[in-house]
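Asker: Just dropping this structure here.
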């Protein structure tokens, strides 16, 4: 009886260790980090994690299917540069800001789907290993972004880009009260500092995307096929699943999320940046997916676990920064946590697995 209860407790801890560790980090940094525990800082953590969250969501589909996508960081940078160039040139030509911004995002996202489509074809049709195919696309996307940007940031974008990137759903000021979508006009420094910003608009858009794709992965035939392929390609083929077509769709989904992240990055920093700025994002995205409970062997994982992994990395980064520690500690800490996640999956697979 006691052994059964102990095993149940161990199973619960193994399945939810990332969430428990996140809670421990929140408590630790609330004690040690100056100004960590507060709505303003938590909002900053979520907003800073949006780019990584998009990349990790697309990577979740790929890893569950038994693959890996190393190109997403540079695909994001490529889309960021292309979108910014189109916005800048159309705005300079005198087109309305709405048209310039909408066209820039649309062109960038559509072009960003091409690397994912090519990755899928190389892997599914030509049997190129995912590591090699996506690593090759990693270099191609990097080179194209460098060509479009010529190594310099793309500036002089429509002014509305900055406004959208800094917009929130609601604002609360002790002086003016609650207002939606429109920031109250405040002149006093104390009033500006006390202004509470509630839910950035980009976060709302990302939340909608996450809910949709979490449903697709957990409740639809497409999601079931993704898990089946990750569990065993041979078994999936015997079950009548068109594995090649499904993998092409999976890598295209990964590229779609990377493209959305690239378009979002334009609004966040109000410029297009060369992909060297985004070169480590794919590694953190993979780490977040694995920390969230996915297995690099395929067949395990879910979107909600990935969200926990992203928030854990974001909280760790924010807490270490507020404690005044150099940023290299972030890489060391994430690396250690990633190794722990892999060890848990390796030695306790029957405890970790949960669908």
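Asker: Filter the stretch 179-193 down to the residues that are surrounded by 14 or more Cβ atoms within 10 Å (Cβ to Cβ) and part of a helix (DSSP H, G or I) and list them by number.
Answerer: If the condition is that a residue be surrounded by 14 or more Cβ atoms within 10 Å (Cβ to Cβ) and part of a helix (DSSP H, G or I), then 191 is the only one that fits.
Asker: Any residue that is in contact with a helix residue (DSSP H, G or I) (Cβ under 7 Å, 6 or more places away or on another chain), touching a residue at least 60 places away in the same chain (Cβ under 8 Å) and farther than 13 Å from residue 157 by Cβ - is there at least one of those in the stretch 97-109?
Answerer: Yes: one or more hits.
Asker: Scanning for something within 16 Å of the chain's Cα centre (by Cα), modelled with pLDDT of 95 or more and in a helix (DSSP H, G or I), does the stretch 100-111 turn up at least one residue?
Answerer: yes
Table: residues versus (1) in contact with a strand residue (DSSP E or B) (Cβ under 8 Å, 6 or more places away or on another chain); (2) assigned to a helix (DSSP H, G or I).
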{"residue": "40", "(1), (2)": "yes, yes"}
{"residue": "49", "(1), (2)": "no, yes"}
{"residue": "59", "(1), (2)": "no, yes"}
{"residue": "70", "(1), (2)": "no, no"}
{"residue": "73", "(1), (2)": "no, yes"}
{"residue": "85", "(1), (2)": "yes, yes"}
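Asker: What about residue 283, is it more than 20 Å from residue 202 (Cβ to Cβ), modelled with pLDDT under 85 and surrounded by fewer than 20 Cβ atoms within 10 Å (Cβ to Cβ)?
Answerer: no
Asker: Sort out which residues of the stretch 221-236 are surrounded by fewer than 24 Cβ atoms within 10 Å (Cβ to Cβ) and assigned to a helix (DSSP H, G or I), and write them in order of number.
Answerer: Correct list: 221, 222, 223, 224, 225, 227, 228, 231, 233, 234, 235, 236.
Asker: Scan the stretch 150-157 and give yes if some residue there is surrounded by 17 or more Cβ atoms within 10 Å (Cβ to Cβ) and closer than 27 Å to residue 255 by Cβ, otherwise no.
Answerer: yes
Asker: I'd like to verify a number: residues in the stretch 206-225 that are free of Cβ contacts under 8 Å to residues at least 40 places away in the same chain and within 19 Å of residue 44 (Cβ to Cβ), how many?
Answerer: Residues meeting the conditions: 1.
Asker: To continue, here is another question. Restricting the search to the stretch 47-68, which residues are over 14 Å from residue 316 (Cβ atoms) and within 13 Å of the chain's Cα centre (by Cα)?
Answerer: 47, 50, 51, 53, 54, 55, 56, 57, 58, 59, 60, 61
Asker: Sticking with this one: Got a number for residues in the stretch 148-178 being part of a strand (DSSP E or B) and touching a residue at least 24 places away in the same chain (Cβ under 8 Å)?
Answerer: 6
Asker: While we're here: Take the conditions more than 27 Å from the chain's Cα centre (by Cα) and at pLDDT below 95 and apply them to residue 160. Does it pass?
Answerer: In short, no.
Asker: From the list 262, 292, 272, exactly one residue is touching a strand residue (DSSP E or B) at 6+ places or on another chain (Cβ under 6 Å) and surrounded by 22 or more Cβ atoms within 10 Å (Cβ to Cβ). Which is it?
Answerer: Testing whether each residue is touching a strand residue (DSSP E or B) at 6+ places or on another chain (Cβ under 6 Å) and surrounded by 22 or more Cβ atoms within 10 Å (Cβ to Cβ) leaves just 272.
Asker: Just need a number here: residues in the stretch 299-345 that are at positive phi and surrounded by fewer than 19 Cβ atoms within 10 Å (Cβ to Cβ).
Answerer: 1
The values are calculated or read from the model by the stated rules, or taken from the named source; none is laboratory data. Only a predicted model underlies this, so the values are computations on that prediction, with no experimental measurement involved. All Cβ positions, even for glycine, are placed from backbone atoms using ideal geometry, and neighbour counts span all protein chains on display.
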